[in-house]
Amino acid sequence: MPDPVRFAILGPGVVAEFHRKAIEANAECGAVLAAVAHYDPARFDALSARFGVPCRHEADVLADPAIDAVILCTPSGLHAGQAIAAAEAGKHVLVEKPLALTTAEADQMIAAAERAGVRLGVVFQRRAEPLYQRIHQALSAGDLGDLTLGVVTMPYVRSQDYYDSGAWRGTWALDGGGVLMNQGIHLIDLLTWYLGDPVTVHAIGGTLARDIEVEDTAVAALRFAGGALGTISATTTAAPGFPHRLELFGTQGGIQVEGEQVARWHLADPARATVPPLPPGEAAGAGAGGDPRGIALTGHIGIIRDFVEAVRENRPPLVDGREGRRSLATIEAIYRAAGLRS
């Protein structure tokens, strides 16, 4: 059994359950859940029973030398301060998306981790999934030729009750944005991973159906550094919720993913492919389009496994702070172009 990496989860909400299960699934790799943290002592006993480990104040967790790493599952507006405090306490930090609310905060987090000599990772779990890694390999090998177009379509639904379930949801101060920052950032991360960073952005967005501060619908047109164009269309108003689509096209072929399944992977000359195309999967259900919990656990398992290995090998994790910053910078640019934020 390798030396353990002992985790504490800060913010024991819905997404914390994914991390609890992912840590448990990586027990043979040495991942151990040692504590959870919450601000309300009145909930400590119930949360200790739910997670099977002590629930304590954040400060007590950060002061505990037995804790090696923390996972931030807290509202997005708290990420920067908590990550910097954890790094200064000598803890490795894994942050649920988004890394922060602004690139300025992200830069402070990256710098704090580098000063402290700890690992900083971001939970973009699709990067750990074999499908998306295979697509990246195919694009890097040039199987699609010169990339010309990337398309993200997200007809999601999040009810008013969803936003009302937490005072932080749908606010600029703690959520940092709406459909793009909270839901769309996962696919925007893939778009920048595949096509690079955008150099030109045009966008429009608004709050069309929900009683929230931030946007529930947005569209953007992008030009990427490599010359490809892209579009993003996203909403949380499309009841009952539909599967997202990620589409990539080049001069020699295209890949269309619906939900988490390949819909089409067609090449002009399949015999020349470096990465054999995957066949179409079954028709996709709404998944996360209809329910924020409608995602597979496998990506989180892969992220936790990689993070444990990164800590042990003293190397950057699969999605480090600088990689996690890229989608945040793209969303900032979209918000500026749409006049949603300065």
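The values are calculated or read from the model by the stated rules, or taken from the named source; none is laboratory data. These numbers come from a predicted model, not from an experiment. Neighbour counts are summed over all protein chains in view; Cβ atoms, including those assigned to glycine, are modelled from backbone coordinates with ideal geometry.
Of the residues screened, A87 is one that is touching a strand residue (DSSP E or B) at 6+ places or on another chain (Cβ under 7 Å) and free of Cβ contacts under 8 Å to residues at least 40 places away in the same chain. Quick check, is A85 of a type in the set (A, V, I, L, M) and part of a strand (DSSP E or B)? In short, no.
Candidates R210, R158, R126, R169: the one that is crowded, with 16+ Cβ neighbours inside 10 Å, modelled with pLDDT of 95 or more, over 21 Å from the mean Cα position of the chain (by Cα) and not aliphatic (A, V, I, L, M) is R210.
For residues that are in contact (Cβ under 8 Å) with a residue 60 or more places away in the chain and of a type in the set (A, V, I, L, M), scanning just region 2-20, find the one that is surrounded by the fewest Cβ atoms within 10 Å (Cβ to Cβ). Restricting to residues being in contact (Cβ under 8 Å) with a residue 60 or more places away in the chain and of a type in the set (A, V, I, L, M), the top hit is V14. Exactly one residue out of H57, H92 is modelled with pLDDT of 95 or more and buried (at least 20 other Cβ atoms within 10 Å of the Cβ), and it is H92.
For region 279-333, a residue qualifies if it is buried (at least 17 other Cβ atoms within 10 Å of the Cβ), hydrophobic (A, V, I, L, M, F, W, C), out of contact with any Pro (no Cβ under 6 Å at 6 or more places or on another chain) and not in a helix (DSSP H, G or I), and the qualifying residues are I295, L318, V319. In region 146-164, the residues that are free of Cβ contacts under 8 Å to residues at least 24 places away in the same chain and in the same structural domain as A234 (by TED's automatic domain parsing) form no Cβ pair under 6 Å with any partner that is surrounded by fewer than 23 Cβ atoms within 10 Å (Cβ to Cβ) and of a type in the set (D, E, K, R), whether six or more places apart or across chains. Residues in region 2-22 include at least one that is over 22 Å from P317 (Cα atoms) and part of a helix (DSSP H, G or I).
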